[in-house]
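The values are calculated or read from the model by the stated rules, or taken from the named source; none is laboratory data. Computed from a predicted structure; not experimentally measured. Note that we place each Cβ from the backbone using ideal geometry, even for glycine, and neighbour counts take in every protein chain shown.
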Ligand SMILES: [Zn+2]
């Protein structure tokens, strides 16, 4: 086999190895991002759970029922104002 042919093959193998390393690094980064997203999702789920628990304590909105967030925010704001008045 000609020397150039062997050199070509070695070069190709080198390229393939580099490609594999690049892909592996990319997979590692994606795995890490996946883990980060899973953690973010857990936090979001927890916040949603807390929000739903909080909504249970707030009287239902007359127009939209017991899951109305604007009503809940307004209600919380009123309670805070009342608390300030009571505290003097
Ligand atoms: Zn409402």
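Restricting to region 64-78, name every residue that is over 17 Å from residue 50 (Cβ atoms) and either in the same structural domain as residue 49 (by TED's automatic domain parsing) or more than 6 Å from the ligand (Cβ to nearest atom) (or both).
Listed by number, the residues that qualify are 65, 74, 77, 78.
Looking at region 45-88, which of its residues are surrounded by 11 or more Cβ atoms within 10 Å (Cβ to Cβ) and outside any helix (DSSP H, G or I)? Write out each step before concluding.
Restricting attention to region 45-88, the residues satisfying the condition of being surrounded by 11 or more Cβ atoms within 10 Å (Cβ to Cβ) are 51-52, 54-55, 58, 60-61, 64, 66-69, 71-76, 79.
Hits for region 45-88 are 58, 60, 61, 64, 66, 67, 68.
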